[in-house]
1. When residues of the stretch 209-225 are filtered for being of a type in the set (Val, Ile, Thr), crowded, with 17+ Cβ neighbours inside 10 Å and either without any contact (Cβ under 8 Å) to a residue 12 or more places away in the chain or out of contact with any helix residue (DSSP H, G or I) (no Cβ under 7 Å at 6 or more places or on another chain) (or both), how many remain?
2. Can you pull out every residue in the stretch 178-193 that is surrounded by fewer than 18 Cβ atoms within 10 Å (Cβ to Cβ) and assigned to a loop (DSSP other than H, G, I, E, B)?
3. Go over the candidates 97, 75 one by one and state the one that is open to solvent by 40 Å² or more (accessible area, probe 1.4 Å), of a type outside the set (A, V, I, L, M), more than 21 Å from residue 205 (Cβ to Cβ) and touching a Ser or Thr at 6+ places or on another chain (Cβ under 8 Å).
4. Could you check, for the stretch 190-200, whether at least one of its residues is polar (S, T, N, Q) and closer than 25 Å to residue 27 by Cβ?
5. Within the bounds of the stretch 63-70, is there any residue that is out of contact with any strand residue (DSSP E or B) (no Cβ under 9 Å at 6 or more places or on another chain) and in a helix (DSSP H, G or I)?
6. Among the residues in the stretch 88-106, are any over 30 Å from residue 199 (Cβ atoms), among the aliphatic types (A, V, I, L, M) and not in a strand (DSSP E or B)?
7. Just a yes or no: is a residue in the stretch 45-53 touching a Lys or Arg at 6+ places or on another chain (Cβ under 7 Å), open to solvent by less than 60 Å² (accessible area, probe 1.4 Å) and not aromatic (Phe, Trp, Tyr)?
8. Can you find a residue that is in contact with a Ser or Thr (Cβ under 8 Å, 6 or more places away or on another chain), free of Cβ contacts under 8 Å to residues at least 40 places away in the same chain and farther than 17 Å from residue 92 by Cα anywhere in the stretch 177-199?
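The values are calculated or read from the model by the stated rules, or taken from the named source; none is laboratory data. Source: prediction; values computed, not measured. As a convention, Cβ positions derive from the backbone with ideal geometry for all residues, glycine included, and neighbour counts pool all protein chains shown. Accessible surface is based on the protein model in full, side chains and every heavy atom, while ligands, DNA and RNA are left aside. Shrake-Rupley method; radii C 1.70, N 1.55, O 1.52, S 1.80 Å.
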Amino acid sequence: MTDHAHPRYIDLSHEIVDGMTTHPGIPGPTISTFLSYEDSKASYAPGTTFAIGRIDLVANTGTYIDTPAHRFEGRGDTADLALAAVVDLPGLVVDCREMAMADDRAIGPEAFDGVDVGGRAVLVRTGWDRHWGTPEYLVGHPFLTGPAAERLLGAGAVAIGVDTLNVDSLDDPSRPAHTAILGAGLPLIEHMTNLGALPAEGFRFFAVPPRIRGMATLPVRAFAIVD
């Protein structure tokens, strides 16, 4: 029986740590101290100290969201992102692990045959997150084909998330899935994790970035609430 009084909160984000690698060619973040507890003693009353951290990172770090501006110049960025597009969305997990294990790693439109994605955030489970933090994560990853992305859009998906390195194959410079999804104005969340902890449906999805003008992508704390 569902216990609506005691929902479960499922974290779907990778931890960001100093020097980590998210994607080939993207430098890892540098996390440091701007103000230490010790140094703050000079500014406050005895026994009162504070710490302020500092981080230098490329926006495509950890689990992050792509907005249309990531692919299309002049389109909306994270400062334009409506909360309704990334908050309290009905969610759906589509288990594509079998396709993800095929030689070409391609997830085609047939993965969504008979699946009602309309009005839902569709989270594509490939299982690739098991390689996170290893060299294996960075090569030969599963991806959505262009027709698969078009299928999701045509069926009314409102957001798309993947637990793999990239929604597209790095071997295809045209990036058809990015082009379709972001061209339609949908938020795209990449490098998710822990999708196996979710039921196929019956949860609400959240993935909110900071509101920063000029940033087309940013890390998010993606999570789900399961009633």
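1. Qualifying residue count, the stretch 209-225: 1.
2. Correct list: 184, 185.
3. Working: 97 fails: more than 21 Å from residue 205 (Cβ to Cβ).
On inspection, the qualifying residue turns out to be 75.
4. Keep residues of the stretch 190-200 that are polar (S, T, N, Q), which gives 193-194.
Checking the rest, the ones that are also closer than 25 Å to residue 27 by Cβ come to 193.
Yes - at least one qualifying residue is present in the stretch 190-200.
5. To start, the set of residues in the stretch 63-70 that are out of contact with any strand residue (DSSP E or B) (no Cβ under 9 Å at 6 or more places or on another chain) comprises 68.
After this cut, where a residue has to be in a helix (DSSP H, G or I) as well, the list is 68.
Within the stretch 63-70, one or more residues are out of contact with any strand residue (DSSP E or B) (no Cβ under 9 Å at 6 or more places or on another chain) and in a helix (DSSP H, G or I).
6. no
7. Initially, the stretch 45-53 is screened for residues touching a Lys or Arg at 6+ places or on another chain (Cβ under 7 Å), giving 49.
Restricting the remaining residues to those that are open to solvent by less than 60 Å² (accessible area, probe 1.4 Å) gives 49.
Within this subset, residues satisfying the condition of being not aromatic (Phe, Trp, Tyr) are 49.
The answer is yes, given that some residue of the stretch 45-53 is touching a Lys or Arg at 6+ places or on another chain (Cβ under 7 Å), open to solvent by less than 60 Å² (accessible area, probe 1.4 Å) and not aromatic (Phe, Trp, Tyr).
8. Yes, the stretch 177-199 contains a residue that is in contact with a Ser or Thr (Cβ under 8 Å, 6 or more places away or on another chain), free of Cβ contacts under 8 Å to residues at least 40 places away in the same chain and farther than 17 Å from residue 92 by Cα.
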